[in-house]
Amino acid sequence: MKPVRKAIFPVGGRGTRFLPATKAVPKEMLPVVDRPLLQYAVEEAIAAGIEQMIFVTARGKAALEEYFDVAAELVAELKAKGKTAELAVLESTQLEPGRVAYVRQQEPAGLGHAVWCARLITGDEPFAVLLPDDLVYGPSCLKQMVDAYNRVGGNVIAVEQVARERTGSYGIVTPGATDGNLTEVLGLVEKPKPDVAPSTLAVIGRYILQPEVMTILAEGKRGAGNEIQLTDAMAQLIGKQPFHGLAFEGTRFDCGDKAGHIMANIALALDRDDVGPAVRAYIAGLGIAPAGN
Ligand code: G1P
């Protein structure tokens, strides 16, 4: 079984839900506490043993490339001032030369199209896809998926239950047999309405896929929203290759949504030694009853 060494990060989306902030700043650069959203996904990938990060960008996303570059002037300035803590923070975000590649998605033709844009870099290897909008807080979700992949091979996607009224926002699984935290995937449909959704088991933005999916994506067939959907291409692999959904450990925040982004900020802030106590005291002072009361 070929190891998963490469990860695709589709980061070409315009982020219109976060206007006006995203007028000048890519949405992946919006902070959760003090790190850009994208940093969380990259750390998750590194923890999973990914060697090469492939960012599928678009016009207006140059800040992403700056972020992963060495900020030589800043390093020199911090060194001169003896700011060692800040230097260490910068270093923790630094990727070795050659570990990052960028390709441009030249038209907003959907997630499947974004993934396909990276095909010449992934070649004939299995690869991961991480959608940075989905922040999974906890042990590396992708690492859990790589461990599962090393047991069962084929394709592995992260899944979680959602409320039935939310099926129209997700890829939805037709589930087969479940063994521990792995469920066989018998079918996949992109954003079905609640009354026709085959289940409430949703795909979240983490995938390990076999290279054959690129050949299917190359056909350029349009699906939901008239976009080239990754879900539709994956559906065609079912029955030909092993396909499993992993119920991962961790909490997923939908940071593509304003409320989800705020919740992620609160949850992660509460867990931090530096800002946690102040945020906790503030929330307590609001006198909000705990959920469920
Ligand atoms: C994408 C996928 C969808 C998946 C979701 C997870 O949708 O198309 O299948 O369930 O990510 O976040 P998007 O959120 O980009 O509309």
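Among (1) of a type in the set (A, V, I, L, M); (2) more than 28 Å from Q229 (Cα to Cα); (3) surrounded by fewer than 17 Cβ atoms within 10 Å (Cβ to Cβ), there is one condition L19 misses while meeting the rest; what is its number?
That leaves (2) as the condition not met.
Anything in the range 279-293 that is within 20 Å of P31 (Cβ to Cβ) and open to solvent by less than 70 Å² (accessible area, probe 1.4 Å)? List them, or say none.
Matches in the range 279-293: V279, I283.
Quick test for you: out of V196, V203, V185, V213, pick the one residue that is β-branched (V, I, T) and within 12 Å of the ligand (Cβ to nearest atom).
V203
Step by step: first the residues of the range 167-191, then only those that are open to solvent by less than 10 Å² (accessible area, probe 1.4 Å) and without any contact (Cβ under 8 Å) to a residue 60 or more places away in the chain, then the one that is nearest to E249 (Cα to Cα). Which residue is that?
I172
Condition (residue is touching a residue at least 60 places away in the same chain (Cβ under 8 Å), part of a strand (DSSP E or B), near the ligand (Cβ under 10 Å from one of its atoms) and in contact with a Ser or Thr (Cβ under 9 Å, 6 or more places away or on another chain)) applied to the range 122-136: is it met by at least one residue?
no
Across the range 107-148, what is the total count of residues that are closer than 18 Å to I54 by Cβ, within 15 Å of the chain's Cα centre (by Cα) and surrounded by fewer than 17 Cβ atoms within 10 Å (Cβ to Cβ)?
The number of residues fulfilling the criteria is 0.
Can you spot a residue in the range 233-248 that is within 20 Å of the chain's Cα centre (by Cα), of a type outside the set (S, T, Y) and near the ligand (Cβ under 10 Å from one of its atoms)?
Looking for residues that are within 20 Å of the chain's Cα centre (by Cα), of a type outside the set (S, T, Y) and near the ligand (Cβ under 10 Å from one of its atoms), one finds at least one in the range 233-248, hence yes.
Failed condition for E65, given (1) part of a loop (DSSP other than H, G, I, E, B); (2) within 17 Å of V100 (Cα to Cα); (3) more than 16 Å from the chain's Cα centre (by Cα), with all others met?
Failed condition: (1).
What residue, among those in the range 3-60 that are acidic (D, E) and part of a helix (DSSP H, G or I), is farthest from the ligand (Cβ to nearest atom)?
So the residue we want is E43.
Report the residue count in the range 77-106 for those that are part of a loop (DSSP other than H, G, I, E, B) and either β-branched (V, I, T) or surrounded by 11 or more Cβ atoms within 10 Å (Cβ to Cβ) (or both).
Qualifying residue count for the region: 7.
The values are calculated or read from the model by the stated rules, or taken from the named source; none is laboratory data. All figures in this text were calculated on a predicted structure; none of them were measured in a lab. Heads up, the Cβs are rebuilt from the backbone with ideal geometry, glycines too, and the neighbour counts pull from every protein chain shown. Quick note on the areas: whole protein, heavy atoms, side chains included, nothing else; ligands and nucleic acids left out. Shrake-Rupley method; radii C 1.70, N 1.55, O 1.52, S 1.80 Å.
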